[in-house]
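As structure tokens, the structure follows; a few thoughts come after it.
The values are calculated or read from the model by the stated rules, or taken from the named source; none is laboratory data. All values derive from a computational prediction rather than experimental measurement. When we count neighbours, we look across all protein chains shown, and the Cβ atoms used for this are built from the backbone with ideal geometry, even at glycine. Note: areas computed on protein heavy atoms with side chains; ligands, DNA, RNA excluded. Shrake-Rupley method; radii C 1.70, N 1.55, O 1.52, S 1.80 Å.
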Amino acid sequence: MNSGTKKRCTAIVLSAGQGKRMGTYVQKQYIEIEGRPVIYYTLSAFQVSRVIDDIVLVVGKGQEEYVRKEIVQKYHFSKVKAIVPGGAERYDSVWEGLKVIRDGELDDNGRIEYVFIHDGARMFVDEEILERGYETVTRYRACVAGMPSKDTVKLVDGQKFAVQTPKRKLVWAVQTPQIFEKSLIIEAYSKLKREQCIEVTDDAMVVEQEMQVPVRLFEASYENIKITTREDLEVAESFLRRRKHSG
């Protein structure tokens, strides 16, 4: 990546999820693994990245000061320029982050070109993924991280009978970051929020549905898991131990 021609990139990191499937009183992004909260590892990747210039951190309502003191200030995440409360659903939280960028609250003089939207509980994002994403979005305007499915996938009907088996080479498991031209993703979400019926599962779907813009997939990593269940914590611990031992 040529740093001299790199466009300005801002990451929206979503850390407002309730983590109900984890079955703990502590939200999943604040559970500690190897002595540090999950969100620490996520933010660290963006903090040291050559790709990312600013971070907007979206947290649960009422958690802003806790996160500012116990996460951002404690671990010196200087790229975090805004901490904002999220909404009821994921797309509400994304919109709260986008409004910070749209309204120029980062004091960037309108220089932001690309927005990286990332789940705070996806703690194994790394520089290679971010650089591949940057190179892809500069070519295609919209792209998402993912990996080809290792399993055969079945489409089922309402009674759970298999109705179709898509070719495995055409099936990908989608991850984050999901990356877009700033103007594209802001316009897409603006249109979405004006509608009464909202049924979207990720940011790519918003762009596809509202803007009719195709979204390119790029390979991330099978380790780029999202911490959702207790089993994921065990897997994450093993990944961290292996990385620690390998230096």
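Apolar share of the accessible surface for segment 110-247: 48 percent from carbon plus sulfur atoms, 1.4 Å probe. Which pairs, out of K99/K193; K61/K99; K7/K182; K182/K226; K69/K244; K6/K182, put more than 18 Å between their alpha-carbon atoms? From the list (K99/K193; K61/K99; K7/K182; K182/K226; K69/K244; K6/K182), the Cα-Cα distance tops 18 Å for K182/K226; K69/K244.
Take 161-170, 36-45, 60-69 and order them by the average number of nearby Cβ atoms within 10 Å per residue, most first; the result is 36-45, 60-69, 161-170.
Please state the equivalent ellipsoid semi-axes for segment 1-147: what are the square roots of 5 times the Cα gyration tensor eigenvalues, largest first, in whole Å?
Numbers: eigenvalues 119, 57, 45 Å².
Largest first, segment 1-147 gives 24, 17, 15 Å.
With the cut-off at 25 Å, report for the chain the share of all Cα pairs above it, as a whole percent. The partial results should precede the final answer.
On the way: 13183 of 30381 pairs.
The calculated P(r) of the chain puts 43 percent of pairs beyond 25 Å.
Considered as an equivalent ellipsoid built on the Cα gyration tensor, segment 138-199 has semi-axes of 29, 20, 8 Å, the largest given first. Can you tell me the accessible area per residue over the chain, all protein chains present, probe 1.4 angstrom, in square angstrom? It amounts to 53 Å² per residue over the chain.
Taking every alpha-carbon pair in segment 155-238 and binning the separations at 10 Å intervals from zero gives 13, 30, 35, 21, 1 percent. Across q = 0.12, 0.13, 0.20, 0.25 Å⁻¹, segment 35-104 modelled as identical point scatterers on its alpha-carbon atoms has Debye log10 I(q)/I(0) values of -0.31, -0.36, -0.87, -1.24, in the order of the q list. Out of residues 5 or more away from W172 or on other chains, whose amide H comes under 5 Å of its own, with H placed 1.01 Å from N in the peptide plane? Excluding prolines and chain starts, which carry no amide H, the hits are S149.
Show me 171-177, 51-57 ranked by packing, highest mean number of other Cβ atoms within 10 Å first. Write down the numbers at each step before the final one.
Details: 171-177: 21.0, 51-57: 24.0.
So the order, starting with the most tightly packed, is 51-57, 171-177.
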